[in-house]
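One structure is given here, and the rest of the page talks about it.
Just so you know, all these numbers are worked out from the coordinates, no wet-lab data involved. Remember, it's a predicted structure, so these values are computed and weren't measured experimentally. FYI the Cβ positions are ideal-geometry reconstructions off the backbone, even for glycines, and counts take in every protein chain you see.
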Amino acid sequence: MMQKVAVVTGGAAGLGKGIAQRLAKDGFALVISDFNQEALDATEQEFKAQGYKIAQFKGNVSIKADQEALAQKAVDSFGRIDVWVNNAGIESVVPFAEITQEQLEKVFAVDVFSVVYGIQAAAKVMKNQDTIGKIINACSIAGHESYEMLATYCAAKHAVRSLTVAAAKEYAKDNIRVNSYCPGVAATSMWDRVDAEMAKIYGWAPGEAFQKFSAGILCGRTEEPSDVGNIVSFLASSDSDYITGQSILVDGGMVFR
């Protein structure tokens, strides 16, 4: 039986690594991309020690040529691409009046341009295969709700949600499904940075922003990488073949649409 192949951007750490671990457990051969060579090497060694098939690619997701090279790496390594996860992303915490051109360009390059280029690179390969391809994007609760001090990040994630719908409509004829997962509050390095910046802006204590944002989660705890891995596992599987164009909230009960 042919082994399926998954690509995960930002797959060397955080939620991306959690996604990669779940897909490996599900039986996928993996290609992980990241800009951090040390993290790539460590994750690759860890996965190989567990018996998983994995290849790595160092690149910048905001550069079209790098995303195309990542797709080629997957084809060269394992012969195909069945699942592509546009996971890589960055945040921006700043009062609206202080948003700069540099911040806008950086966040949109990493969070939006990367999704466009990733979808294009993945679809180019998938449409020539005889199976249903799955493209899965990292959206966020910030793609459904907009938060103070996070305007740029929220705008970028709303863009991801829109791109997911548009791509789903255009690539349906090629037997490609395009969906997004929308996490809430997780104890990742990204949230550490958000917490630190909000502490500066509001004069809060370390950890206070994290506590305030997570206090009302109905399921009673913050997000774990495995929670995101679970929804991506579903979207990557044949169980989701009849789902496309959706941005699914997986936040423990924070945002309701």
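Odds and ends about this structure:
- Compared with the alpha-carbon gap, the fully stretched path from Asp26 to Tyr147 is longer by 40.1 nm at 0.36 nm per residue.
- Residue pairs exceeding 32 angstrom between C-alpha atoms, taken from Lys73/Lys200; Lys73/Lys106; Lys25/Lys124; Lys127/Lys157: Lys73/Lys200.
- Cα long-axis angle, helix 225-236 against the chain (0 to 90 degrees, to the nearest 10): 40 degrees
- Loop-located trypsin sites (Lys or Arg not before Pro) across region 110-147 with a Cβ neighbour count of 14 or fewer within 10 Å are Lys127, with loop assigned by DSSP.
- Placing unit charges on the Cβ atoms of the charged side chains and taking the dipole of the chain about its Cα centre, the candidate lying farthest along the positive direction among Gly27, Pro183, Gly14 is Gly27.
- Shape call, region 49-109: gyration tensor on alpha carbons, a/c limit 1.5: prolate
- Computing FRET efficiency as 1/(1 + (r/R0)^6) for Lys173 and Ser238, where r is the C-beta to C-beta distance and R0 is 25 Å, gives about 0.80.
- The alpha carbon centroids of region 166-208 and region 20-51 are separated by 21 Å.
- 0 to 90° range, to nearest 10: angle between helix 114-126 axis and the chain longest Cα axis: 20 degrees
- Overall form of region 115-257 per C-alpha gyration tensor (a/c, 1.5; a/b vs b/c): prolate
- Using a cutoff of 8 angstrom between alpha carbon atoms and counting only pairs six or more residues apart, the relative contact order for region 58-184 works out to 29 percent.
- Sparsely packed trypsin sites (Lys or Arg not before Pro) within region 148-245, loop by DSSP, other Cβ within 10 Å at most 15: Arg221
- Relative contact order [Cα under 8 Å, 6+ residues apart], the chain, whole percent: 20 percent
- Taking label positions 7 Å along the Cα-Cβ direction at both Ala65 and Cys219, the computed distance is 4.2 nm, reported to one decimal.
- Tilt relative to the chain, helix 189-202 - C-alpha long axis, 0 to 90 degrees, to 10: 20 degrees
- Three-way shape label, the chain, alpha-carbon gyration tensor, a/c 1.5: prolate
- About the centre of its Cα atoms, region 136-226 shows a dipole size close to 280 debye [charges on the beta carbon of Lys, Arg (+1) and Asp, Glu (-1) only; nearest 20 debye].
- This model, with +1 at the C-beta of Lys and Arg and -1 at the C-beta of Asp and Glu, gives the chain a dipole about its Cα centre of some 700 debye.
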